[in-house]
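The values are calculated or read from the model by the stated rules, or taken from the named source; none is laboratory data. Predicted model only: the values in this text are computed from it and were never measured. Please note: Cβ atoms are built from the backbone with ideal geometry, for glycine as well, and neighbour counts cover all protein chains shown. Quick note on the areas: whole protein, heavy atoms, side chains included, nothing else; ligands and nucleic acids left out. Shrake-Rupley method; radii C 1.70, N 1.55, O 1.52, S 1.80 Å.
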Amino acid sequence: MGSWAKLKSSSWAYHTAVLSLYGFFAYCRVAEPFLTPYLMGPNKNISGEVVTNYLFPIWTYSKLACLLPVFLLTDFLRHKPLVVVQGLFLVTNYVLLCFAPGLLAMVFLQVNYGVVTSTEVAYLSYIYSVIPIENYQRATGYVRSAMLVGYTFGASLAQVLVSVAELDLFYLNAITLGTVSMAFLISFWLPMPQRGLFFKGKKDAAVGSSSHQTGPLGADRPEEAVMDKEEVGSRQEKMELDGSGGWHSLENMASAGHLLWKSFRETYSSRNVIYWSLWWALATAGYEQIFNYVQLMWDHIEPSATSSIYNGAVEAACSLVGAIAAFSVGHLKVTWAVWGELALGLFSAVATGAVFLMALTSSIWACYAGYVIFKSCYMLLITITTFQIASNLSMECYALAFGINTFVAILLQTIVTLVVVDEATLGLDIVTQFIVYGSYYAFISVLFLIRGTYTACTNQRSPELTQSKEHERSGDVISAERF
């Protein structure tokens, strides 16, 4: 029993395993590849125009409204409660899809799903608050692979049930209700981080400033010393909760605000972090739009009411490729500081071609192929990007970068939705929308091809300068973790 408790409190493997298990079940959404046919079919009987230009934009606006408070609450409540909330709202989501009739219920569904997707910030940044920095790359690959494997399994099962068993789409939502309920239960197993990154008590802050650890868990210290520190911190927190110096005090709120500002300055003082963050925000905004509306494109090319559809098989294929890519990133020995920005440009160019293929083809199979290529490119690059940013920042700085980058991405997505999709403005048809998204990705690819080519050529001419910058960045990480 002692060794099990020791594993739970100090091993990065335990945290990664539980988060991966949660991710598998939370993203094993059997019904998701067939959401649009379900809404437009006899079960809900909502027209395609209402789904495209009215319902789906509500989700985007809801996510934007929830994201900022969720980000602040994530650290204030130390991640785990927000992950539990995500699991609860996932359950609510599929209860509504299964049993709630009428358009008003589907409007509430979109608001509910906005909460689900906004709390992904808590889930995806959780791992960087509890594992050593030297395990960031592997842990990122494992967690994202688990998410994609879960999605692949769910999509594959959905396709088999639809094509072979000819099951009604209602039962796909019922099965998904079961898988997300399992994720909700698993969320209670997640260990609670010992303290927040920004919201700390005075004694915690004093302990943190006096320690000289070089990683989130003090990787340069013996394991027993780390556990003693955590136990001391836990006792101090209990004492602080009863006094005026606790994490809820005005003084600590001011201290958290100061640390947030200091982290912001530290984070975006690096040009490399700015460039990677720019790609993250721009590409994620475009990806979310395409992911949300691709089923409507498929239905436009080949209506689900009159044709056999293979949405599940396509989602399974691209998620499997993405999972392999994400897992591989955890083991690649590539100098991303040199070649990473060029890779962003090259793969973004491939993604651009894939989006234009989806927009301009009249073949459903060509459209499917374009989507597989597009999603695989994005999954590979977002894994590289999150690792590259995390490995160059302290916990505080990375958590802030994650929240800011995600917020900017959703803000951009909201602007695109408001201008291009919403029925109150342009309300463009689905084909024109995808032409706009292709042009958007073309801009991203040109921007990063130019920047990446310049960076690669500069570093090839001065390799010793590259090594010098790598050492400087390593020093910056350590110094940032001490403030």
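When a 1.4 Å probe is rolled over the protein heavy atoms, the share of accessible surface on segment 7-193 that falls to carbon and sulfur comes to 74 percent. Take the Cα of ILE324, step 7 Å toward its Cβ, do the same at VAL160, and the gap between the two points is 2.0 nm.
For ALA254 and TRP189, calculate 0.36 nm times their separation in residues minus their Cα-Cα distance, and state this gained length in nm to one decimal.
Working: separation 65, 0.36 × 65 = 23.40 nm, distance 3.21 nm.
Contour length minus Cα-Cα distance gives 20.2 nm.
Rounded to the nearest 10 square angstrom, ILE384 shows an accessible area of 10 square angstrom against a 1.4 Å probe. Of the residues LYS375, LYS44, ranked by 1.4 Å probe accessible area with the largest first, the sequence reads LYS44, LYS375.
At a threshold of 8 angstrom on Cα-Cα distance, excluding pairs fewer than six apart, so keeping six or more, what relative contact order does segment 7-193 reach in percent?
Relative contact order comes out at 47 percent.
Evaluate E = 1/(1 + (r/R0)^6) for LEU72 and VAL95, where r is the Cβ-Cβ distance and R0 equals 35 Å; express this FRET efficiency to the nearest 0.05.
Numbers: r = 28 Å, r/R0 = 0.80.
About 0.80, to the nearest 0.05.
Ordered by 1.4 Å accessible area with all protein chains kept, ILE290, ILE435 run largest first as ILE435, ILE290.
Ordered by solvent-accessible area of protein heavy atoms (1.4 Å probe), largest first, the residues TRP12, TRP280 come out as TRP12, TRP280. Only Lys, Arg, Asp and Glu carry charge here, each on its Cβ (+1 for the first two, -1 for the last two); on that basis segment 270-467 has a dipole of about 680 debye about its Cα centre. For segment 34-101, what does the alpha-carbon gyration tensor say about shape, rounded, prolate or oblate, given a ≥ b ≥ c as the root eigenvalues, a/c under 1.5 as rounded, and a/b over b/c as prolate? The shape class here is oblate. Between VAL446 and GLU134, the modelled label-to-label distance comes to 4.6 nm, taking each label 7 Å out from Cα in the direction of the beta carbon. Estimated at the nearest 10 Å², the accessible area of VAL149 is 70 Å² with a 1.4 Å probe.
Extension gain for ALA366-ILE415 works out to 14.7 nm (0.36 nm per residue, less the C-alpha to C-alpha distance). Here each label is just a point 7 Å from Cα along the line to Cβ, and for ASP429 and ARG271 those points are 4.6 nm apart. In the assembled protein chains, SER156 presents an accessible area of approximately 50 Å² (probe radius 1.4 Å).
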